[in-house]
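*Asks:* This is the structure, below, for whatever I ask next.
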Amino acid sequence: MSNTQNKKNKKKTLLAVLLGGVILGAACMIAASRIMVATSTDEYCQKCHVHPHADESWKLSTHVNNPSGVTVHCVECHLPPANTFGYYTAKARTGLHDLWAFYTKDSADFNWEEKSQLEYATKIVYNESCKACHTNLFPPGLNDEGITAHLYYDENEKKLDLQCISCHLNVGHYDPNAKHERMTGIPGSSVTESQKFQEPATVTEFINFTEQIPGTAVSFNMVAVPGGTFNMGSPENEPFRNEDEGPVRKVTVSPFFMGELEVTWDQYWAFYAETMSEGRIAPSTIFANNEKAEQAIMAQLNNPNTANNTEALGLDAISGPTPPFGFPDQGWGGTDRPAITMTHYAAEMFCLWLSKKTGKNYRLPTEAEWEYAARGGTETPYFFKGNPKDFSDKGFWRKFFDADTTVINTYVIYNKNSNNKTQEPSKVGANPFGLKNMSGNVLEYCSDWYAVDAYQQTPAEVTDPKGPESGTEHVVRGGNYTSPAEDVRSAARASSEHEAWLKTDPQMPKSIWWYSDIKGIGFRVVCDPSTAIKK
């Protein structure tokens, strides 16, 4: 065969290979396209995501049930915009994850309620996809609050990592408790006059008592916490100890009364019903025209040993919270669940109102009082028996052996047993002083300013310390329903995060009453015996 013929044959072979490659490539692309389409239908998604709630709530949402007749499908929210590189990588990643879960796990064991919460939703909904449909953030008919919110988003999306879903959790899967609109009405306000207390509790000795809030049907238990001396902070060998927990100080605290429970929604809604305000008044101006009143309130809020000064206020109009956006109880339930999402200032105003209603001096606990009460006379990491290492998920061996949760589950609502929400006080046992949920459920405000080196600033032996004289954040204690076991130790400390907790609040100025970006924050009250006990 001649060289010329060989060259012709090679060209034919190459063309055949190229043509075959093109045909194969085209076939693969067509097949891949059909696979992408077939695996992107709502019906296909629901083969793995079998929980009926997802389908039912989707059909009730404005993404399906709307005047335009447009239906928004699963992949349009739960994947980046179509025909982008991110779309294909995200589809491959989530598809493999879902297939693995479908064939290796039992869907009956999934906590679908937990996965419907905002914390999870932000991981599976993409801002880019929201904006691909909602190209106009200021459509006709958008109200003033919506305009304010969208302007705030437009200016701060990248800087603050804002998520559309933070305000619009309800639009993809209907949830009546997730509507982002101002709350109307007052929960639990249907109380008859005959059900209301006329007088506060009369206390004649230092024992537990049940307070009654006059003008309401609300009562709550106060525990007499005996004074004593304890080691505040954690020793250097305590597992998971943090720098701000030492050095250990010998602290003496005077006797005080403390709420058996965190302040409940029943209590807080009673405060809201009597004091709610339509405007937002800054703390610095609330008593601008009443110097005597301002001095009295500051004395009450900042000095635990100051006698009751409510009479000096001469006020019937203590400014209270503005109506919040949505339901601050998150739809988890009110009554005796802890009230949540309020600011430190709001907690202080509640204490002032309660003092005025009862004639006793109610306030937030100092950090020393809080830790003394939480320990209940113990010096161990928890007020119950157990090593934090045994309860924690941290460590190499946790890859093979689950943490022992039997004991801690009896006393603490934390990330392993909370179902990602607060729980009723009946779920846990009390500590040795008779106080419930000192660890877990919600973080609790203290009156002290937070400082990493607060204990270094404190004498080795001290009586009734009140923390640093100034600061930017306040101490919060006890951990909450999202906390791991190591963060609910009696000595574990944390601080408020004022700006971060208001990240998605678009109001200018931002709310002084309600936080927009934390759920697990609350407080409990203490009462000074000198103002409570009638001789």
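The values are calculated or read from the model by the stated rules, or taken from the named source; none is laboratory data. Given the structure is predicted, the values throughout are model-derived calculations rather than measurements. Cβ sites come from the backbone with ideal geometry, for glycine too, and all protein chains shown count toward neighbours. Just the protein is used for accessible areas: all its heavy atoms, side chains included, with ligands, DNA and RNA removed. Shrake-Rupley method; radii C 1.70, N 1.55, O 1.52, S 1.80 Å.
*Asks:* Provide the per-residue ³J(HN,Hα) series for the range 423-436, in order, calculated from phi with Karplus coefficients 6.51, -1.76, 1.60 and θ = phi - 60°, each as a whole number of Hz, with x at glycine and proline positions.
*Replies:* 10, 5, x, 5, 6, 10, x, 7, 7, x, 7, x, 9, 10
*Asks:* Which of the peptides 130-143, 253-266 is most tightly packed, and how do the rest follow, going by the mean number of other Cβ atoms within 10 Å of each residue?
*Replies:* Result, highest mean Cβ count within 10 Å first: 253-266, 130-143.
*Asks:* Using modelled amide H (1.01 Å from N, peptide plane; none on Pro or chain starts), what sits under 5 Å from the amide H of E260, excluding residues fewer than 5 places away?
*Replies:* Answer set, sorted by chain and number: N221, M222, V223.
*Asks:* Cut-off under 17 Å on the C-alpha distance; same-chain residues fewer than 8 positions from K466 excluded. Which lysines are left, in chain and number order?
*Replies:* Within the straight-line limit of under 17 Å, K466 reaches these lysines: K250.
*Asks:* If the reach is capped at under 18 angstrom between alpha carbons, list the aspartates and glutamates near K47, excluding any in the same chain fewer than eight residues apart.
*Replies:* Correct list for K47: D55, E56, E76, D98, D106, D109.
*Asks:* Right, next: Using the Kirkwood formula on the Cα atoms of the range 119-256, what hydrodynamic radius do you get, in angstrom to one decimal?
*Replies:* Hydrodynamic radius (Kirkwood, Cα pairs) of the range 119-256 is 21.7 Å.
*Asks:* Using just the alpha carbons, could you tell me how many Å³ per residue the convex hull of the chain encloses?
*Replies:* Once divided by residue count, the hull of the chain is 225 Å³.
*Asks:* Got a sec? What order do E199, E211, E473 fall in by accessible area at 1.4 Å, biggest, i.e. largest, first?
*Replies:* If we order E199, E211, E473 from most to least accessible, we get E199, E473, E211.
*Asks:* Let me ask something additional. Among P187, Q212, V223, which residue has its Cα furthest toward the positive end of the charge dipole of the range 133-243, with +1 on Lys/Arg Cβ and -1 on Asp/Glu Cβ?
*Replies:* Toward the positive end, the furthest listed residue is P187.
*Asks:* Right, next: Let me know the charge dipole size of the chain about its Cα centre in debye, to the nearest 20, where only the beta-carbon of Lys, Arg (+1) and Asp, Glu (-1) is charged.
*Replies:* 2540 debye
*Asks:* Still on this structure: What order do you get for 417-425, 369-377, 90-98 when each peptide is scored by the mean count of other beta carbon atoms within 10 Å, highest first?
*Replies:* Averaged packing, sorted descending, gives the order 369-377, 417-425, 90-98.
*Asks:* Through the Karplus equation 6.51 cos²θ - 1.76 cosθ + 1.60, θ set to phi - 60°, convert the phi angles of the range 36-52 into ³J(HN,Hα) values in whole Hz; use x for Gly and Pro.
*Replies:* Values per residue, Gly and Pro as x: 4, 5, 5, 8, 10, 7, 4, 5, 5, 4, 6, 5, 9, 8, 7, 5, x Hz.
*Asks:* Once you have a ≥ b ≥ c as the square roots of the Cα gyration tensor eigenvalues for the range 320-381, tell me rounded if a/c is under 1.5, and otherwise prolate or oblate according to whether a/b is larger than b/c.
*Replies:* oblate
*Asks:* Further question on the same structure: Label points 7 Å out from Cα along the Cβ direction at L151 and L15: separation in nm?
*Replies:* Each label point lies 7 Å from its Cα, and together they span 6.8 nm.
*Asks:* Still on this structure, please answer the following. Would you mind calculating the gained length between I30 and N111 on full extension (0.36 nm times residue separation, minus the Cα-Cα distance), in nm to one decimal?
*Replies:* 25.4 nm
*Asks:* While we're here: Just to make sure I understand: if all protein chains stay in place, what is the order of E486, E76, E205 by accessible area at 1.4 Å, largest first?
*Replies:* I get E205, E76, E486, largest accessible area first.
*Asks:* What is the calculated FRET efficiency for K389 to T4, with r their C-beta to C-beta distance and R₀ = 60 Å, to the nearest 0.05?
*Replies:* Efficiency for this residue pair is about 0.15.
*Asks:* Same structure again: Within 10 Å, count the other beta carbons around each residue, average over each peptide in 402-414, 43-55, 435-447, 518-530, and list them highest first.
*Replies:* Ranking the peptides 402-414, 43-55, 435-447, 518-530 by packing returns 435-447, 518-530, 402-414, 43-55.
*Asks:* Average the reciprocal distances over every distinct pair of alpha-carbons in the range 41-146, invert the result, and give the Kirkwood radius in Å.
*Replies:* Final number for the Kirkwood radius of the range 41-146 is 15.6 Å.
*Asks:* For L96, put the label point 7 Å out on the Cα→Cβ axis and report which residues of the range 24-43 keep their amide N under 20 Å from it.
*Replies:* Output list for this probe position: 32-33, 35-37, 39-40.
*Asks:* Under 5 Å between amide H atoms, partner at least 5 residues away or on a different chain: which partners does S495 have, H built in plane at 1.01 Å?
*Replies:* V476
*Asks:* Which pairs in the list K179/K416; K91/K519; K179/K519; K91/K394 are over 24 Å apart, alpha-carbon to alpha-carbon?
*Replies:* K179/K416; K91/K519; K91/K394
*Asks:* Tell me which aspartates and glutamates have Cα within less than 16 Å of K436's Cα, excluding those fewer than 8 residues away on the same chain?
*Replies:* E260, E262, D336, E369, E371, E424, E444
*Asks:* Have a look at the range 162-210 and give its Rg and Dmax from the Cα atoms, expressed in angstrom.
*Replies:* Cα only, the range 162-210: 20.9, 57 Å (Rg, Dmax).
*Asks:* Output the 0 to 90 degree angle, nearest 10, between the alpha-carbon long axis of helix 265-275 and the longest principal axis computed from the alpha carbons of the chain.
*Replies:* 70 degrees
*Asks:* If I measure Cβ to Cβ between cysteines in the chain, which ones have no partner under 4.7 Å?
*Replies:* C28, C48, C77, C133, C167, C351, C446, C527
*Asks:* Nearest 10 degrees, 0 to 90: what angle lies between the long axis of helix 291-302 and the longest principal axis of the chain (Cα atoms)?
*Replies:* Roughly 70 degrees between the two axes.
*Asks:* Only four residue types carry charge here, +1 at the Cβ of Lys and Arg and -1 at the Cβ of Asp and Glu. Report the dipole size of the range 405-535 about the Cα centre in Debye, rounded to the nearest 20.
*Replies:* Computed charge dipole of the range 405-535: roughly 620 debye.
*Asks:* Direction-averaged shadow area of the convex hull around the Cα atoms of the range 11-58, nm²?
*Replies:* About 3.6 nm², averaged over all directions.
*Asks:* Would you grab the residues whose amide H sits under 5 Å from the one on V203? Only those 5+ places off in sequence or on another chain, please, with H modelled 1.01 Å from N.
*Replies:* K534
*Asks:* Using the Kirkwood formula over every pair of different C-alpha atoms, what hydrodynamic radius in Å results for the range 469-533?
*Replies:* It works out to 14.3 Å.
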